[in-house]
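Asks: There's a structure below that I have some questions on.
The values are calculated or read from the model by the stated rules, or taken from the named source; none is laboratory data. Because the structure is a prediction, the values reported are computed rather than measured. Don't worry about glycine lacking a Cβ; one is built from the backbone with ideal geometry, like all the others, and counts go over all protein chains shown.
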């Protein structure tokens, strides 16, 4: 398989995974369905497609609502990181000394903060009715940006920085073509896409972690309302199968499969956008 | 850019960080709509405690008074008492008792990561295993920690926190922090690639011909990059320790931050966040010191005997 075919294949997988996530999110019901004692903890063979939880609710609703919780915040977080990385890369190529120094100071300071601790502080300070995944994801994106900026700036530096731009100007290319096409699309694309996809994945994992810890402590989640279920709830149900042998293995496998889909989507984005 | 610019920026950042954290919190508190005390703990949850909170933290005197009072006390390690997590207990005592567990956790995971990186650089860890570390690293810390917690719970019971089960939780915690979220895979590949690139340099070949060792020639030149990687990894582990400590029931700083956030214990969370900022500052200062020491060592002129 040549490189172009491989990129198209991985790109298709990435789009498919993103489509599944958005499809699940778009079809998610606003509230959980009622309990059904006759269908408690039954497997996929009895209730299509994923079986039920210990209250007889379909696990499909968990998958849909969990996707809705993470879809928009994770995509926005990815876009923010992509924007920061692009800015750092372009700044290095443009050779604007003061902007480059300013961005490096930002990277040094923000990059020195332990992300999850800052997220916890922000979460605590948010008013109760603002407590969704979105502000947490945006905070995470800003905190994750320095790593992406560092790599993008280093890539631009290896490219030749301002000298590369000068060489292209000598060929008569316009500034728009140089910065958008030659620098960003052809050379920074791989770094930007990979960093953005990784931050999207981190936001999903962060949501799962925060919701799981809240659910295990019987507390309200920071990321969603009490009448919706996150993917963490699937892992929590599945954990009871591990430690208490309740018949909820299918919940664990569905939770892990969803995590696997997110990982696959991230890897697919990375491979689809890799440099030639 | 002169060689000392980067270490200088790092020292400046190390000094600024402990001032920045409470400043950021102050800005957020006063930027959000509503009174800061109501934001920290709404009246429907804390009742009259909200007014006490306002007076205790000088929130009613404006942002500058709050910031200066808090920071003035913090530099004397006086964080007051816990509000809701362990009402009445001194926060400094809570931090002091939680810190050793977090430090142990980080030391265990760093031993694992640095040991594996050293083995990989020395060629003792087969390159063929790289995909394995990368595959394990794809798993999020919460899932790996859950698997470990399930093992301890099934084997020793749900309330096994002392003795060997307690030690096992700590070891598993260090293991999870060391391998999850790509830590081990990127450490092995990162360290190995830094050395491999350096070994290709011409001066190394000449040094080998002179009978000198590769390591003694390359190490000073790669030290700044290694120090940067080390700081990044410790910071990543500190961040991940919140999840690992809560899932595995380890009483560390991360557990305190989590409990404080859940119970809106403002004083505790602010103090714990400041403790993290101090650790991060220390790491920045360490990296800057290593960079300066390396620069001096590398630039030291060899003694040239005077011509007769």
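Asks: From the list B:215, B:209, B:184, B:253, which one is away from every other protein chain (no Cβ under 14 Å) and either under 30 Å from residue B:72 (Cβ atoms) or modelled with pLDDT under 90 (or both)?
Replies: Matching residue, one of B:215, B:209, B:184, B:253: B:215.
Asks: At pLDDT 90 or above, within 12 Å of another protein chain (Cβ to nearest Cβ) and farther than 24 Å from residue A:198 by Cα, is that true of residue B:102?
Replies: Considered against the rule, which asks whether it is at pLDDT 90 or above, within 12 Å of another protein chain (Cβ to nearest Cβ) and farther than 24 Å from residue A:198 by Cα, residue B:102 comes out as yes.
Asks: Mind listing just one residue for me: the one in the range B:25-45 that is modelled with pLDDT of 85 or more and facing chain A (nearest Cβ under 8 Å) and, of those, nearest to the chain's Cα centre (by Cα)?
Replies: That would be B:25.
Asks: Taking the criterion of being free of Cβ contacts under 8 Å to residues at least 12 places away in the same chain and within 14 Å of another protein chain (Cβ to nearest Cβ), would at least one residue in the range B:79-90 satisfy it?
Replies: No, the range B:79-90 contains no residue that is free of Cβ contacts under 8 Å to residues at least 12 places away in the same chain and within 14 Å of another protein chain (Cβ to nearest Cβ).
Asks: Please tell me if residue B:95 is closer than 30 Å to residue A:232 by Cβ, under 24 Å from the mean Cα position of the chain (by Cα) and part of a loop (DSSP other than H, G, I, E, B).
Replies: So residue B:95 fails the test.
Asks: A further question on this structure: Would you check if residue B:271 is buried (at least 24 other Cβ atoms within 10 Å of the Cβ), more than 10 Å from every other protein chain (Cβ to nearest Cβ), within 18 Å of the chain's Cα centre (by Cα) and modelled with pLDDT of 90 or more?
Replies: Considered against the rule, which asks whether it is buried (at least 24 other Cβ atoms within 10 Å of the Cβ), more than 10 Å from every other protein chain (Cβ to nearest Cβ), within 18 Å of the chain's Cα centre (by Cα) and modelled with pLDDT of 90 or more, residue B:271 comes out as yes.
Asks: Whether any residue in the range B:221-229 is within 30 Å of residue B:104 (Cβ to Cβ), within 10 Å of chain A (Cβ to nearest Cβ) and assigned to a helix (DSSP H, G or I) is what I want to check.
Replies: The answer is yes, given that some residue of the range B:221-229 is within 30 Å of residue B:104 (Cβ to Cβ), within 10 Å of chain A (Cβ to nearest Cβ) and assigned to a helix (DSSP H, G or I).
Asks: Let me ask something else. Going by what's in this entry, would residue A:207 be described as surrounded by fewer than 20 Cβ atoms within 10 Å (Cβ to Cβ) and in contact (Cβ under 8 Å) with a residue 40 or more places away in the chain?
Replies: For residue A:207, the condition - surrounded by fewer than 20 Cβ atoms within 10 Å (Cβ to Cβ) and in contact (Cβ under 8 Å) with a residue 40 or more places away in the chain - is not met.
Asks: Name the residues in the range B:31-48 that are in a helix (DSSP H, G or I) and surrounded by fewer than 16 Cβ atoms within 10 Å (Cβ to Cβ), would you?
Replies: Hits for the range B:31-48 are B:31, B:43, B:44, B:45.
Asks: Does at least one position in the range A:224-231 carry a residue that is within 13 Å of chain B (Cβ to nearest Cβ), surrounded by 19 or more Cβ atoms within 10 Å (Cβ to Cβ) and over 21 Å from residue A:148 (Cβ atoms)?
Replies: Yes: the range A:224-231 contains one or more residues that are within 13 Å of chain B (Cβ to nearest Cβ), surrounded by 19 or more Cβ atoms within 10 Å (Cβ to Cβ) and over 21 Å from residue A:148 (Cβ atoms).
Asks: Only one of these conditions is not met by residue B:136: (1) closer than 30 Å to residue B:219 by Cα; (2) away from chain A (no Cβ under 14 Å); (3) in contact with a helix residue (DSSP H, G or I) (Cβ under 6 Å, 6 or more places away or on another chain). Which number is it?
Replies: Looking at each condition in turn, residue B:136 falls short on (2).
Asks: Could you list, in sequence order, all residues of the range A:215-237 that are within 22 Å of residue A:29 (Cα to Cα) and either under 14 Å from the mean Cα position of the chain (by Cα) or assigned to a helix (DSSP H, G or I) (or both)?
Replies: Result: A:215, A:231, A:232, A:233, A:234, A:235, A:236, A:237.
Asks: Also, I was wondering about something else. Does residue A:243 fit the bill of being within 14 Å of chain B (Cβ to nearest Cβ), at pLDDT below 90, surrounded by fewer than 21 Cβ atoms within 10 Å (Cβ to Cβ) and in a helix (DSSP H, G or I)?
Replies: So residue A:243 fits the description; yes.
Asks: Moving on. Take the residues in the range A:246-261 that are crowded, with 19+ Cβ neighbours inside 10 Å and within 9 Å of chain B (Cβ to nearest Cβ); name whichever of them is farthest from residue A:192 (Cα to Cα).
Replies: Going through the qualifying residues, I end up with A:255.
Asks: Please pick out the residue among B:205, B:211, B:182 that is on the phi > 0 side of the Ramachandran plot, out of contact with any strand residue (DSSP E or B) (no Cβ under 6 Å at 6 or more places or on another chain) and without any contact (Cβ under 8 Å) to a residue 12 or more places away in the chain.
Replies: Every option except B:211 fails the conditions.
Asks: Can we say residue A:58 is crowded, with 18+ Cβ neighbours inside 10 Å, farther than 30 Å from residue B:260 by Cβ, away from every other protein chain (no Cβ under 14 Å) and free of Cβ contacts under 8 Å to residues at least 40 places away in the same chain?
Replies: yes
Asks: Please indicate, with yes or no, whether at least one residue in the range A:173-184 is within 14 Å of chain B (Cβ to nearest Cβ), in contact (Cβ under 8 Å) with a residue 12 or more places away in the chain and either in contact with a helix residue (DSSP H, G or I) (Cβ under 9 Å, 6 or more places away or on another chain) or surrounded by fewer than 19 Cβ atoms within 10 Å (Cβ to Cβ) (or both).
Replies: No: zero hits.
Asks: Sticking with this structure for a sec: If a residue must be over 19 Å from residue B:234 (Cα atoms), free of Cβ contacts under 8 Å to residues at least 40 places away in the same chain, more than 9 Å from every other protein chain (Cβ to nearest Cβ) and crowded, with 18+ Cβ neighbours inside 10 Å, how many such residues does the range A:96-134 contain?
Replies: Residues meeting the conditions: 0.
Asks: Would you check if there is a residue in the range B:13-24 being away from every other protein chain (no Cβ under 13 Å), part of a helix (DSSP H, G or I) and farther than 19 Å from residue B:260 by Cα?
Replies: no
Asks: Could I ask something else about it? Quick one: is residue B:55 more than 23 Å from residue B:282 (Cβ to Cβ) and surrounded by fewer than 18 Cβ atoms within 10 Å (Cβ to Cβ)?
Replies: Here the answer is yes, as residue B:55 does meet what is asked.
Asks: Still on this structure, I have one more. Only one of A:144, A:193, A:152 is buried (at least 24 other Cβ atoms within 10 Å of the Cβ), in contact (Cβ under 8 Å) with a residue 60 or more places away in the chain and more than 14 Å from chain B (Cβ to nearest Cβ). Can you tell me which?
Replies: Result of the check over A:144, A:193, A:152: A:152.
Asks: Could you tell me whether the range B:76-99 includes any residue that is more than 29 Å from residue B:282 (Cβ to Cβ), surrounded by fewer than 18 Cβ atoms within 10 Å (Cβ to Cβ) and touching a strand residue (DSSP E or B) at 6+ places or on another chain (Cβ under 8 Å)?
Replies: For the range B:76-99, residues more than 29 Å from residue B:282 (Cβ to Cβ), surrounded by fewer than 18 Cβ atoms within 10 Å (Cβ to Cβ) and touching a strand residue (DSSP E or B) at 6+ places or on another chain (Cβ under 8 Å): present.
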